Amino acid sequence: MSLDLTPALSRDAALRHLVGVFEAAGLANPRGEARFLAGHALALSPSDLILRGGEPLGEAGARALAEAATRRLAGEPVARILGEWEFWGLPFRLAPETLVPRPDTETLVEAALGLFPGRETALRLVDLGTGSGCILTALLHERPKALGIGLDRSFAALRVARDNARANGVGDRAAFLCGSWLEALAGPFHLIVANPPYIAAPVIATLAPEVRLHDPLAALDGGADGLEAYRAILAGLSRRPDLLARGGALALEIGYDQGEAVAELARQAGFAASAPIQDLADRDRVVTLRPSLPIRGEPRTPRAGASQTRAGSA
Ligand code: GLN
């Protein structure tokens, strides 16, 4: 089924046509994707798309919609075509150097917030491999007294992360650093979060083309067994215990089958891992870590927040 979008076609008719073409192409969510692309190409809000659906596409609209649909049919994900995607209810601009934010990663934000449940806490936090800055921005948004650093190896990603933090009103509490994991940092931080690359290299070829061909490899590739980033982060922390403040904790996104392996790496580095926390699809997605021994000899009391998070996010 080929694309046939003429300027005289009404928006409603164009949408129906697009849904049919997307269905025939086997896309998983033809209706939703057609709506997103039409709204973007015609610069209409979802409600205007409905209320003014009888109006014709027009010359520019027909061209823009055909271009967006052609890109989608060639395998580009909707988020890349829009150049922006929503996470934690906030808009995030994307670049080739950033992952498309995943709903699964909201589980990481929830778990991290659960570790420090007081909204007014003056947290210092760092997001390792910040990408679009979505995790950092969501956390700063929920903890208005917090200060955070977004760290990434990619300067291009950092530029986008900075713009996203600014656009979402937290730019004055965020700083951005180019570096590899912990090496560029001076602490101490209360909270260290990361959604590091964790796909085992041999598995990458089996991922959906939307991910394999359009997400940055550096944000996916976790080395031969998928665990290299966790090793680097945990080894770095055992060398630099000063990076974690008293009572400090980590929240890490993990692959659905990596809970045990990451807990073992954590143990070897002197950390105790929580039981894995599940994402919306009920797959293990996050672990939180605390030093097994109190840092600097300070007594440490368990926090109610950690176990509440686990119960609340499954
Ligand atoms: N969850 C992502 C995926 O399924 C992977 C992101 C990552 O490696 N951090 O593609």
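The values are calculated or read from the model by the stated rules, or taken from the named source; none is laboratory data. None of the values given here were measured: they were computed from a predicted structure. Cβ sites come from the backbone with ideal geometry, for glycine too, and all protein chains shown count toward neighbours.
Data table
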item: Output for region 220-262, where each listed residue is in contact with a Ser or Thr (Cβ under 7 Å, 6 or more places away or on another chain) and either of a type in the set (A, V, I, L, M, F, W, C) or over 17 Å from LEU108 (Cα atoms) (or both); result: ALA249, LEU250, ALA251
item: Matching residues, region 8-63, being surrounded by 13 or more Cβ atoms within 10 Å (Cβ to Cβ), not in a helix (DSSP H, G or I) and not polar (S, T, N, Q); result: LEU9, ALA25, LEU27, LEU44, ARG52, GLY53, GLU55, PRO56, LEU57
item: Failed criterion for GLY223 (all others in (1) under 15 Å from the mean Cα position of the chain (by Cα); (2) in a loop (DSSP other than H, G, I, E, B) hold); result: (1)
item: Number of the condition not met by GLU260 [criteria: (1) modelled with pLDDT of 95 or more; (2) part of a helix (DSSP H, G or I); (3) in contact with a helix residue (DSSP H, G or I) (Cβ under 8 Å, 6 or more places away or on another chain)]; result: (3)
item: Top-ranked residue of region 277-290 - restricted to ones that are within 14 Å of the ligand (Cβ to nearest atom) and part of a loop (DSSP other than H, G, I, E, B), ranked as nearest to THR105 (Cα to Cα); result: ASP279
item: Any hit, region 168-188, residues being more than 16 Å from the ligand (Cβ to nearest atom), in a helix (DSSP H, G or I) and over 21 Å from LEU250 (Cβ atoms); result: yes
item: Total residues in region 120-142, condition closer than 19 Å to GLY248 by Cβ, away from the ligand (no atom under 12 Å from the Cβ) and either in a strand (DSSP E or B) or among the hydrophobic types (A, V, I, L, M, F, W, C) (or both); result: 9
item: Filter result for ASP163 (acidic (Asp, Glu), closer than 26 Å to ALA122 by Cα and in contact with a Cys (Cβ under 9 Å, 6 or more places away or on another chain)); result: no
item: Answer residue from region 145-167, given it is in contact with a Gly (Cβ under 6 Å, 6 or more places away or on another chain) and not in a strand (DSSP E or B) and is farthest from the ligand (Cβ to nearest atom) among those; result: ALA165
item: Among residues of region 189-213, those that are within 16 Å of the ligand (Cβ to nearest atom), within 22 Å of LEU115 (Cβ to Cβ) and not in a loop (DSSP other than H, G, I, E, B), counted; result: 3
item: ASP4 being exposed (fewer than 15 other Cβ atoms within 10 Å of the Cβ), without any contact (Cβ under 8 Å) to a residue 40 or more places away in the chain, in a loop (DSSP other than H, G, I, E, B) and of a type in the set (Asp, Glu); result: yes
